[in-house]
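A short worksheet on the structure shown next.
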Amino acid sequence: HVQLVESGGVLVQAGGSLRLSCTASGRTFSRCGMGWSRQAPGKEREFVAAINWSGGATYYADSVKGRFTISRDNAKNTVFLQMNSLKPEDTAVYYCAATSAPIGTSIPQYNYWGQGTQVTVSS
């Protein structure tokens with residue numbers, strides 16, 4: 001079982017940067033694929049980025065490719081999402097998730113979810 005707690009969501013201006021963190025409890029973190037998804041008001045949850053257990057493989061949604069970077073520190077049980085060149089359409093609640101798959105490239109693959117952190121990008 002993995003418990004996830006996100007942090008780092010704030011209000012930021014368009015063009016700015018932000019780093020989200022997700023800290024996991026449980027000894028199986030280093031064997032989990034990790035990912036970030038987001039949900040804007042009135043919209044379905046959208047996959048954003050994924051990383052495999054070692055950090056050697058990553059995968060991104062087209063909407064964030066080149067702007068967002070996912071990384072992890074297994075020694076600290078933490079996964080990060082560095083977000084640059086933020087746009088108002090990036091405004092959403094961002095969720096961290098864990099999967100038993102080597103890497104999860106779609107939302108249904110994820111077994112464990114955090115409570116989310118709000119990111120608001122003003123124009």
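Read-outs: derived from the displayed coordinates by stated rules, not from any lab. This structure is a prediction, so every number in the text was calculated from the model and none was measured. Here Cβ is always computed from backbone atoms with ideal geometry, including for glycine, and neighbour counts include all displayed protein chains.
The GluC sites (Glu not before Pro) of the stretch 1-103 that meet both conditions, a loop assignment by DSSP and at most 11 other Cβ atoms within 10 Å of the site Cβ, are GLU44. Taking 0.36 nm per residue of sequence separation and removing the Cα-Cα distance, the LEU11/THR105 pair yields an extension gain of 31.1 nm. Dimensions of the chain along the principal axes, based on C-alpha atoms and rounded to the nearest Å, stand at 41, 27, 23, largest first.
Peptides 78-86, 101-109 ranked from most to least packed, by the mean per-residue count of other Cβ atoms within 10 Å: 78-86, 101-109.
What the phi angles of the stretch 42-51 give under the Karplus curve with 6.51, -1.76 and 1.60, with θ = phi - 60°, is a coupling list of x, 10, 6, 5, 10, 5, 10, 7, 9, 9 Hz, glycine and proline written as x.
Cross-link partners for LYS43 among the lysines, with Cα-Cα distance under 29 Å and sequence neighbours closer than 8 places in the same chain left out: LYS65, LYS87. Exposed loop sites, defined as trypsin sites (Lys or Arg not before Pro) outside DSSP H, G, I, E and B with at most 12 other Cβ atoms within 10 Å, are absent from the longest region of the chain, namely 66-123.
Ranking THR78, PRO88, ALA14 by how far each Cα lies toward the positive end of the dipole of the stretch 1-102 (charges on Cβ) leaves THR78 at the top. Once both labels are positioned 7 Å from their Cα atoms along Cα-to-Cβ, the gap between GLN3 and THR69 label points is 3.2 nm.
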